[in-house]
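A.B. asks: Structure in structure tokens, see below.
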Amino acid sequence: MLSKTIRIPGTTANCGPGFDAVGMACTIYNYLTIEETGNHEIHVEVEGEGIGQIPDSEGNIAVQAALSVFDRVHYDHTGFVMKMKNAVPLARGLGSSAAAIVGGLVAANCFTGEQLSTAELLDMATAIEGHPDNVAPALLGGVTVSFMDDEMHAKSLRFVPPTPLAMVVAVPDFSLATSAARQVLPKHVAYQDAVFNVSRVALLIGSLCSGDYRYLSSGLEDKLHQPYRKPLIKGIDSVFVAAQQAGAIGTAISGSGPCIIAFTTKNAQKIGKAMVLAFQSQDIGARYYVLELDTQGAQEVL
């Protein structure tokens with residue numbers, strides 16, 4: 001029976017001021033396998049993160065993504081089992097839904113002879129997710145700057161910083177749905193806040209492209225979404241301070257949270273421990289990962 005397995009990186013999006021536009025692929029991975037069964041049924045098996053929470057039927061978002069590929073290329077499947085082995089925490093701001101969507105799309109595309117281009121897969125992933133900031137780095141790897149063109153097609157500029165940068169991610173023991181994090185955002189923002197973010201996201205991309213991180217801390221500042229989401233993440237200010245005192249270059253909410261990400265070129269373990277202790281001081285359990293930039297994106301595992 002035909003079988004295809006895909007490795008998909010987790011992602012951090014927004015990266016401070018780059019709301020719904022900037023994303024980075026991280027070296028934490030989910031594995032997704034589509035295996036033909038011939039019984040004309042669809043079944044999902046989950047291992048690791050999300051076990052007991054992720055739907056095990058056609059309602060699974062990865063299954064829906066795979067079926068959209070089958071429909072687009074006119075492939076009449078004869079039943080399959082989808083096996084998901086997940087390391088990306090669920091609903092924490094590390095792109096778990098994007099990984100599922102991209103995994104389903106890429107696995108189904110490989111399964112059917114790679115008839116769809118990367119650009120088509122990015123468009124399809126964005127349509128399912130609603131925005132490209134997580135799905136683009138999950139698909140492409142590296143740092144991505146994404147936008148919708150005049151015809152509402154997703155486009156993404158991908159690059160890899162010339163100077164290595166570690167990402168220390170503190171993962172608190174509670175989840176935060178993206179929908180809930182979006183509900184607290186204002187419908188309008190002050191002109192000066194928009195100008196502030198334009199300057200900061202330019203500084204962020206300039207710092208990353210050049211590998212000159214002297215201004216990265218300022219480049220991670222934001223006034224469009226983080227101030228409104230901070231009340232949803234207990235202890236966030238103390239975690240930011242702890243990370244910076246331990247040597248972090250800068251900090252941000254990862255995606256819509258509640259994970260907090262610190263960027264650094266040294267002392268990553270010290271920073272991670274300090275962030276966990278800061279959460280614990282607020283009676284919140286937490287763990288941390290030290291991650292690097294994934295440069296491959298979603299890849300078939302042979």
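A.B. asks: Inspect all residues belonging to the range 22-41 and state whether any of them is crowded, with 18+ Cβ neighbours inside 10 Å, free of Cβ contacts under 8 Å to residues at least 60 places away in the same chain and part of a loop (DSSP other than H, G, I, E, B).
C.D. replies: Scanning the range 22-41 turns up no residue that is crowded, with 18+ Cβ neighbours inside 10 Å, free of Cβ contacts under 8 Å to residues at least 60 places away in the same chain and part of a loop (DSSP other than H, G, I, E, B).
A.B. asks: Next question, about the same structure. Could you please let me know if residue 77 is in contact (Cβ under 8 Å) with a residue 40 or more places away in the chain, surrounded by fewer than 24 Cβ atoms within 10 Å (Cβ to Cβ), out of contact with any helix residue (DSSP H, G or I) (no Cβ under 7 Å at 6 or more places or on another chain) and not in a helix (DSSP H, G or I)?
C.D. replies: no
A.B. asks: Follow-up. Of all residues in the range 165-194, which are over 19 Å from the mean Cα position of the chain (by Cα) and either closer than 19 Å to residue 221 by Cβ or not polar (S, T, N, Q) (or both)?
C.D. replies: In the first step, residues of the range 165-194 are kept if they are over 19 Å from the mean Cα position of the chain (by Cα); the result is 183-194.
Listed by number, the residues that qualify are 184, 185, 186, 187, 188, 189, 190, 191, 192, 193, 194.
A.B. asks: Out of all the residues in the range 112-122, is one or more loosely packed, with under 14 Cβ neighbours inside 10 Å and of a type in the set (A, V, I, L, M, F, W, C)?
C.D. replies: Within the range 112-122 (the criterion being loosely packed, with under 14 Cβ neighbours inside 10 Å and of a type in the set (A, V, I, L, M, F, W, C)), the answer is yes, since at least one residue qualifies.
A.B. asks: Being closer than 20 Å to residue 252 by Cβ, modelled with pLDDT under 95 and hydrophobic (A, V, I, L, M, F, W, C) narrows it down to one of 91, 98, 136, so name that one.
C.D. replies: 91
Quick grid of which residues meet (1) of a type in the set (A, V, I, L, M); (2) touching a strand residue (DSSP E or B) at 6+ places or on another chain (Cβ under 6 Å):
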{"residue": "12", "(1), (2)": "no, yes"}
{"residue": "25", "(1), (2)": "yes, yes"}
{"residue": "37", "(1), (2)": "no, yes"}
{"residue": "40", "(1), (2)": "no, no"}
{"residue": "55", "(1), (2)": "no, no"}
{"residue": "68", "(1), (2)": "no, no"}
{"residue": "71", "(1), (2)": "no, no"}
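A.B. asks: Please go through (1) under 19 Å from the mean Cα position of the chain (by Cα); (2) over 18 Å from residue 96 (Cα atoms); (3) modelled with pLDDT under 95 for residue 263 and return the number of the only condition it doesn't satisfy.
C.D. replies: (3)
A.B. asks: Of the residues that make up the range 179-193, is at least one surrounded by 15 or more Cβ atoms within 10 Å (Cβ to Cβ), assigned by TED's automatic domain parsing to the domain that holds residue 240 and farther than 25 Å from residue 130 by Cα?
C.D. replies: Checked the range 179-193: no residue is surrounded by 15 or more Cβ atoms within 10 Å (Cβ to Cβ), assigned by TED's automatic domain parsing to the domain that holds residue 240 and farther than 25 Å from residue 130 by Cα.
A.B. asks: Another one. Within the range 42-67, can you find the residues that are of a type in the set (S, T, N, Q), within 18 Å of residue 298 (Cβ to Cβ) and surrounded by fewer than 18 Cβ atoms within 10 Å (Cβ to Cβ)?
C.D. replies: Here is the first cut: in the range 42-67, the residues of a type in the set (S, T, N, Q) are 53, 57, 60, 64.
Of the ones still in play, those that are also within 18 Å of residue 298 (Cβ to Cβ) are 60, 64.
Hit for the range 42-67 is 64, nothing else.
A.B. asks: With (1) of a type outside the set (Lys, Arg); (2) closer than 30 Å to residue 289 by Cβ; (3) more than 19 Å from the chain's Cα centre (by Cα) as the list, and residue 69 as the residue in question, which single condition is left unmet?
C.D. replies: (2)
A.B. asks: In the range 90-111, which residues are surrounded by fewer than 24 Cβ atoms within 10 Å (Cβ to Cβ), within 16 Å of residue 11 (Cα to Cα) and touching an Asp or Glu at 6+ places or on another chain (Cβ under 6 Å)?
C.D. replies: 90
A.B. asks: Give the residues of the range 178-199 that are touching a Lys or Arg at 6+ places or on another chain (Cβ under 8 Å) and among the basic types (Lys, Arg), sorted by residue number.
C.D. replies: Hits for the range 178-199: nothing passes.
A.B. asks: What do you reckon, is residue 253 within 23 Å of residue 27 (Cβ to Cβ) and buried (at least 18 other Cβ atoms within 10 Å of the Cβ)? Before the answer, list the steps.
C.D. replies: On the way: within 23 Å of residue 27 (Cβ to Cβ): yes; buried (at least 18 other Cβ atoms within 10 Å of the Cβ): yes.
In short, yes.
A.B. asks: Could you tell me how many of the residues in the range 279-290 are farther than 21 Å from residue 14 by Cβ and not polar (S, T, N, Q)?
C.D. replies: Of the residues in the range 279-290, 4 are farther than 21 Å from residue 14 by Cβ and not polar (S, T, N, Q).
A.B. asks: Sort out which residues of the range 132-150 are part of a loop (DSSP other than H, G, I, E, B) and either under 18 Å from residue 93 (Cβ atoms) or free of Cβ contacts under 8 Å to residues at least 60 places away in the same chain (or both), and write them in order of number.
C.D. replies: Going residue by residue through the range 132-150, those that are part of a loop (DSSP other than H, G, I, E, B) are 132-134, 141-142, 149-150.
If the condition is that a residue be part of a loop (DSSP other than H, G, I, E, B) and either under 18 Å from residue 93 (Cβ atoms) or free of Cβ contacts under 8 Å to residues at least 60 places away in the same chain (or both), then 132, 133, 134, 149, 150 are the ones that fit.
A.B. asks: Now a separate question. Grab the strands (runs of 3 or more DSSP E) fully contained in the range 194-302, keeping just those with 3 or more residues being within 30 Å of residue 106 (Cα to Cα).
C.D. replies: Working: elements: 250-253, 260-264, 286-291.
Once the strands (runs of 3 or more DSSP E) in the range 194-302 are filtered for at least 3 residues that are within 30 Å of residue 106 (Cα to Cα), what remains is 260-264, 286-291.
A.B. asks: Then there is this: Give the residue, chosen from 18, 10, that is part of a loop (DSSP other than H, G, I, E, B), modelled with pLDDT of 95 or more, buried (at least 24 other Cβ atoms within 10 Å of the Cβ) and small (Gly, Ala, Ser).
C.D. replies: Within the list 18, 10, the selection yields 18.
The values are calculated or read from the model by the stated rules, or taken from the named source; none is laboratory data. Computed from a prediction, not measured in an experiment: that's the story for all the values here. No Cβ is skipped: glycine too gets one built from the backbone with ideal geometry, and neighbour counts run over all protein chains shown.
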